[in-house]
Amino acid sequence: MAGKIRIYACGGCGIKVSDYFNNVPVEKGFAEISVTCLDTSDSNIRGTSFTKDQLFIIPDVDGSGGVRGENIDLINDNYQNIINAFPPADVNIVVGAGGGGSGSGFVNIVTERLVDEGYNTFSIVVGSNESSRRLTNSIATIKSLALSVQEINKNIVVAYFQNEASGRFADVDLAVRSLISKVSYLSSKQNIGLDTADLRNFFNYGNVAKSVQPMLVLLQVCDSVEELKNVKKPISIASIYKELDPIKHGVECDYDCFGTSETSAIKEDMHFAITNDGLNDILKTMESSRKSINDSSKARTVNNLLGSDEATTTVGKKRIILED
């Protein structure tokens, strides 16, 4: 029996990127994927393959308008309703845009609550630097996940991607989908020697690596040992090898597990690494970009298009310029 993954697709970005996995046949060597859409309106499922019975909408609201705090309390209040309608699976992926309003709120609340309740969970955050507002939201999403670590005293795993001010959304969408596919490979329950407890301890390494303090940590997927060796200070590593008697990667970490896959869909060994290195650099880069945009905004000259001698009159409550 294949392992099961639940994708909680949050807001427009999460729904768009997850549409690829909706109702896909289960392939040998991969987990079965179910997608649940979470939003504050039904506008984002239009043009996708999702149906309304796959969508949980917060009642009596219509979007967040890019403001993260707009519906955060309502999202939290509806968490149990979401879980009752769409129960967690063996592995749960909470994906959404850090730069948006509704999606980022769902990512923060649903990730924290699932991790706190002991489910194998990680979030995929797609940040944005197209504007000061999106940068502010993206920074707040990452920092809110870090705050959740303090609140629940458990590590939270996040994979981070970023849409740049120029370029195509499709490139990031493809990278996110590739990551989900690879996690499906890891979570298939068909890898020899890799059992459910191994997978649980990989994501929740604090269960076994007691000396490691709870932190917000990054998930990285490496397609070679050379790439894995470039991951700084990995805490937890899960490997899928193509040979029953493989050459181990030899990278030091606090917890590791491994298995062997017989599927022909993946040709090379694959390594999944969790590390606390890199998040500070991500935040510093976003803070620098936001400062640059804000500095430009403050330096903007206000054009005065009205001359001091323009004659005006009042009609009702509205002032207008008189004709010469």
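The values are calculated or read from the model by the stated rules, or taken from the named source; none is laboratory data. From a predicted model like this one, the values you see are computed outputs, not experimental measurements. A quick note on method: Cβ atoms are made from the backbone with ideal geometry, for glycine too, and the neighbour counts reach across all protein chains shown. Surface accessibility is based on the protein's heavy atoms, side chains included, excluding ligands, DNA and RNA. Shrake-Rupley method; radii C 1.70, N 1.55, O 1.52, S 1.80 Å.
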Given the criteria in contact with a Leu (Cβ under 7 Å, 6 or more places away or on another chain), open to solvent by less than 40 Å² (accessible area, probe 1.4 Å) and either within 22 Å of residue 181 (Cβ to Cβ) or not in a helix (DSSP H, G or I) (or both), does residue 106 qualify? no
Considering only residues that are surrounded by fewer than 18 Cβ atoms within 10 Å (Cβ to Cβ) and in a loop (DSSP other than H, G, I, E, B), which ones fall in the range 4-47? 23, 24, 25, 26, 27, 28, 41, 42, 46, 47
Breaking point among (1) under 26 Å from the mean Cα position of the chain (by Cα); (2) among the basic types (Lys, Arg); (3) in a strand (DSSP E or B), for residue 319: (1)
With the structure loaded, tell me whether residue 116 is open to solvent by less than 40 Å² (accessible area, probe 1.4 Å), touching a Lys or Arg at 6+ places or on another chain (Cβ under 8 Å) and of a type in the set (Asp, Glu) or whether it fails that test. no
Out of the range 199-251, which residues are open to solvent by 10 Å² or more (accessible area, probe 1.4 Å), assigned to a helix (DSSP H, G or I), in contact (Cβ under 8 Å) with a residue 24 or more places away in the chain and over 18 Å from residue 124 (Cβ atoms)? 200, 201, 206, 225, 227
In the list 245, 281, 309, 295, which residue meets the criterion of being among the acidic types (Asp, Glu) and within 30 Å of residue 211 (Cα to Cα)? 281
All but one of (1) modelled with pLDDT of 95 or more; (2) open to solvent by 10 Å² or more (accessible area, probe 1.4 Å); (3) not in a helix (DSSP H, G or I) hold for residue 100; which doesn't? (1)
